[in-house]
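Participant: Here it is: the structure, laid out below.
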Amino acid sequence: MDVLRALTENRLWRSVVRHGVRGTNRNRVMLVMENIFLHLHSAKVRRRSLEISSTYYLGGISLTLFAILTITGLMLMLYYHPSVPQAYDDMKELQFVVSNGVFLRNMHRWAAHAMVLAVFFHMLRVFYHKAYRPPREFNWVVGVVLLLLTLLLSYTGYLLPWDQLAFWGVSVGTNMVKAMPVLGPAFRFLLLGGNIVGENALLRFYVLHCVFLPLALVLGVAVHLWRVRKDGGIAGSSGLRRADAGKIP
Amino acid sequence: MKEGEDRREGTVTRRGFCQAAGLSACALATGGAAAVSADFLRPRVLFEPATTFTVGPPDAIGPGAVLDFPAYRAFVIRLPDGFRALSSVCTHLGCITRRDPDVNLIACPCHGSRFTLDGDVQSGPAPGPLRWLQMALSEKGEIIVDTAAEVPQGTVFKF
């Protein structure tokens, strides 16, 4: 404790974190209120809402997976050129030449699959707990946008290895876009930057995948978490305490 | 009632005028920026492969031949009534179809659509027939197919 005190009660520490480590209620609130990374979350939450059956931690799991994806994705970007046919060679190099490249790539891949799954289960949890009801209906809409962004991130990442699966997956997907009434063909042209899935399409998907969509997702998540706090915390299963659960048929 | 609010209906206050002018300018600038950005997203020059390719002299193609050009995504077929060029891009979701010689049909590997040599859908999810393509003779007397130029279904070329 003396070491902790010495570390936290000097001028340097106090210039960064303005409160000590005393475990008072006020201090706990200050810890959250004065921290930009924690302030989106409530300073105080009900004990019930921290139980696993309230949320199954699915939102937190999604966010953690997004953090993993951001870090591994940034590292993959150091060895990847979004050009034809270099992209495929880079992917192979990551698999077979770069130290731990295959581990990073697999981590990115599996985290991406897991994130889609986690976000989907998060949505189911919210639905079955009726947590979309007022006053949380707007946050449900934000959540739907976040689900779409997650799927789009997954889909734009699909093209980047530039293998047969990627090429035909995106050929088929962008032809679905073309089926959209009136705007379809023009939208497909803009998305691909041309008439075929080629160099322009790879670059556009790369920019969407690495810059535009992650930024949009971060913004959306910030609104989502802030809104949870403003809507009175998370809505758990039923609000009943476990002791009372059996009493109502 | 505050000063300046007791004006007659229909008169424009200085503040109201300035607000309207300011908002209009903002709307104009936003609309212009959006239009310019949309224009920016449309490539003006495309470095895509040429859509025309040379097949060869007509005599080199025997009657009944079905030639597959997967690189250009087209079939060149010679039947008794003449030549025809069919796009090999499936009308369902854009996969490249292949000819199945056992049943003399054109089949898509992605979702199982099948087409006759006239391009008509025989089975599967494809919503329409394969596109028929423009054919022409070059100065050297070789057949040229343009995969970007569609002709009505049933357009047979005689060379």
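Residue by residue, here is whether (1) within 14 Å of chain A (Cβ to nearest Cβ); (2) touching a residue at least 60 places away in the same chain (Cβ under 8 Å) holds:
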| residue | (1), (2) |
| --- | --- |
| B:Ala29 | no, no |
| B:Asp39 | yes, no |
| B:Gly82 | no, yes |
| B:Ala85 | no, yes |
| B:Asp118 | no, no |
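Participant: Mind counting the residues in segment A:176-213 that are modelled with pLDDT under 90, part of a helix (DSSP H, G or I) and of a type in the set (S, T, N, Q)?
Facilitator: Residues meeting the conditions: 0.
The rows are residues; the columns are (1) out of contact with any helix residue (DSSP H, G or I) (no Cβ under 9 Å at 6 or more places or on another chain); (2) hydrophobic (A, V, I, L, M, F, W, C); (3) under 19 Å from A:Pro214 (Cα atoms).
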residue: A:Met75; (1), (2), (3): no, yes, yes
residue: A:Gly101; (1), (2), (3): no, no, no
residue: A:Arg105; (1), (2), (3): no, no, yes
residue: A:His113; (1), (2), (3): no, no, yes
residue: A:Ala131; (1), (2), (3): no, yes, no
residue: A:Val142; (1), (2), (3): no, yes, yes
residue: A:Leu149; (1), (2), (3): no, yes, yes
residue: A:Gly157; (1), (2), (3): no, no, yes
residue: A:Asp163; (1), (2), (3): no, no, no
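Participant: In segment A:68-97, how many are within 22 Å of the chain's Cα centre (by Cα) and open to solvent by 50 Å² or more (accessible area, probe 1.4 Å)?
Facilitator: Selection size over segment A:68-97: 7.
Participant: Looking at segment A:159-185, which of the residues that are more than 9 Å from chain B (Cβ to nearest Cβ) and within 19 Å of B:Pro43 (Cα to Cα) is most open to solvent (accessible area, probe 1.4 Å)?
Facilitator: The extreme case among them is A:Leu183.
Participant: If I go through segment A:216-249 residue by residue, how many of them are modelled with pLDDT of 85 or more and open to solvent by 50 Å² or more (accessible area, probe 1.4 Å)?
Facilitator: Residues that pass the stated criteria total 8.
Participant: Answer yes if at least one residue in segment A:33-42 is open to solvent by less than 60 Å² (accessible area, probe 1.4 Å) and either touching a helix residue (DSSP H, G or I) at 6+ places or on another chain (Cβ under 7 Å) or closer than 22 Å to A:Thr150 by Cα (or both), and no otherwise.
Facilitator: yes
Participant: Restricted to segment A:1-15, and to residues that are assigned to a helix (DSSP H, G or I) and open to solvent by 100 Å² or more (accessible area, probe 1.4 Å), which residue is nearest to A:Leu31 (Cα to Cα)?
Facilitator: For segment A:1-15, the residue satisfying everything is A:Trp13.
The values are calculated or read from the model by the stated rules, or taken from the named source; none is laboratory data. What you are looking at is a predicted structure, and each value in this text was computed from that prediction instead of being measured. No Cβ is skipped: glycine too gets one built from the backbone with ideal geometry, and neighbour counts run over all protein chains shown. Please note that ligands, DNA and RNA were not included when accessible areas were found on the heavy atoms of the full protein model with its side chains. Shrake-Rupley method; radii C 1.70, N 1.55, O 1.52, S 1.80 Å.
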